[in-house]
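Let me give you the structure first, and then I'll get to my questions.
The values are calculated or read from the model by the stated rules, or taken from the named source; none is laboratory data. Because the structure is predicted, anything quoted here is derived from the model rather than measured. Using ideal geometry, Cβ is built from the backbone for each residue, glycine included, and neighbour counts are taken over all protein chains shown.
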Amino acid sequence: MNKKRLLKLLEIFRRRSDMDHRLSLNEIVSLLEEEGITVANRKTLYDDIKELSETVGEIEYNNGYYLNEAPFSLSEIKIIIDSLNSLKNLDEKFLNDLKEKLYAFISVYESDFLKQLEYCGKHTDKRFLNRLEDSLYAIRNGKTLQVKRKNKDEEEISPVFLYRQNDYYYLYYHYPDKDKIYHMRFDNIVSTRLSECPNSLSIPKNRIIDHIRESTNAFYSGKTQTVKAEIVTDSESLRNRLQDDFPNIVFTKTGFSLKASISDVFFSKLAAYGDQIKISDRNIADPYIAYLNKIVIRNSRENRNS
């Protein structure tokens, strides 16, 4: 049995055949010859096809041979490709190489069809993958990571989880001496440096999941409203914080807008910014004021009781 011939034959079936493109024996022989492989005996080819059908996938014959069993369907490949295209800050060369690897699982005819339906935004950050690799290494090996964000000094963190929300990656972490969980939007990271210092704390995964739900999903579950606000300060760090807390935020000349489910959870996050932002929409401002008054009343009662 010629292993090289079998491998080339399998590649031909994967890339050159599907239900709509079936191969005759003569076409298979010609494609093998293009790869520098001569088939002297047709019976050998029948035996190879039978071997592949029994060990790798179902090769059927119906007015021609074709591979009837592929690892991915067209719809599955499209979902994966669209997800990759939606990711921000991926290096374009890496993205294209990865897509070609995925297209290799379906026929050239199917991949050509999907490429016609493909839309891809602009991806420019070539260092994104290096930062991602560093973060994954730190999470997997329980190490700390030196991270520098926009307009911030480098700091040492202990990454614990990586999560994708609204086409962005978020890095969840704590500081080496504190078990409170924080998160940052990954594209706000300027640089990373691996550290061999061990992550001294072990945080249960359910706590991380709870934090993710509170910090992201809680704001966008149920009916959402558009919130518009003015930013009182010129601080760039404030904008970075807002980007971390609200994934779908859109900045304007004087402020920002975002969509959120209006609730105490949302208002509690908003309150952390104090008087640095102002809400002019009465439909949002009035319930926000009611929430703040509720906190003041509750705190006053607690002080009296103590």
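In region 173-186, which residue that is crowded, with 17+ Cβ neighbours inside 10 Å and modelled with pLDDT under 90 is farthest from Asp210 (Cα to Cα)?
Phe186
Right, here's the next one. Of (1) part of a loop (DSSP other than H, G, I, E, B); (2) buried (at least 18 other Cβ atoms within 10 Å of the Cβ), Ile77 satisfies all except one. Which?
(1)
Quick one: Tyr169 ticks every box in (1) crowded, with 17+ Cβ neighbours inside 10 Å; (2) of a type outside the set (A, V, I, L, M, F, W, C); (3) modelled with pLDDT of 85 or more; (4) outside any helix (DSSP H, G or I) except a single one, so which number is it?
Result: Tyr169 passes all but (3).
Taking the condition of being at pLDDT below 85 and either touching a Leu at 6+ places or on another chain (Cβ under 9 Å) or in the same structural domain as Lys269 (by TED's automatic domain parsing) (or both), how many residues in region 141-166 meet it?
Count: 2.
Within region 12-36, which residues are within 16 Å of Ser53 (Cβ to Cβ) and outside any helix (DSSP H, G or I)?
Once the filter is applied, which keeps residues that are within 16 Å of Ser53 (Cβ to Cβ) and outside any helix (DSSP H, G or I), region 12-36 yields Ser17, Asp18, Met19, Arg22, Leu23.
If you don't mind, another one. I'd like the full set of residues that are assigned to a strand (DSSP E or B) and of a type outside the set (Ser, Thr, Tyr), limited to region 187-213.
Within region 187-213, Ile189, Val190, Arg193, Leu194, Glu196, Cys197, Pro198 qualify.
Now for a separate question. Of the residues Glu60, Glu69, only one is outside any helix (DSSP H, G or I), more than 30 Å from Leu129 (Cα to Cα), among the charged types (D, E, K, R) and in contact with a Gly (Cβ under 7 Å, 6 or more places away or on another chain); which?
Glu69
Now for a separate question. Might you let me know whether region 139-160 holds any residue that is of a type outside the set (Lys, Arg), under 30 Å from Ile81 (Cβ atoms) and part of a strand (DSSP E or B)?
Yes, because at least one residue in region 139-160 is of a type outside the set (Lys, Arg), under 30 Å from Ile81 (Cβ atoms) and part of a strand (DSSP E or B).
Name the single residue, out of those in region 203-222 being among the polar types (S, T, N, Q) and modelled with pLDDT under 85, that is surrounded by the fewest Cβ atoms within 10 Å (Cβ to Cβ).
If we take residues in region 203-222 being among the polar types (S, T, N, Q) and modelled with pLDDT under 85, then Asn217 is surrounded by the fewest Cβ atoms within 10 Å (Cβ to Cβ).
Here's a follow-up. So, of the residues in region 18-54 that are more than 16 Å from Lys4 (Cβ to Cβ), exposed (fewer than 11 other Cβ atoms within 10 Å of the Cβ) and within 41 Å of the chain's Cα centre (by Cα), which turns out to be modelled with the lowest pLDDT?
Residue satisfying both the conditions and the ranking: Glu54.
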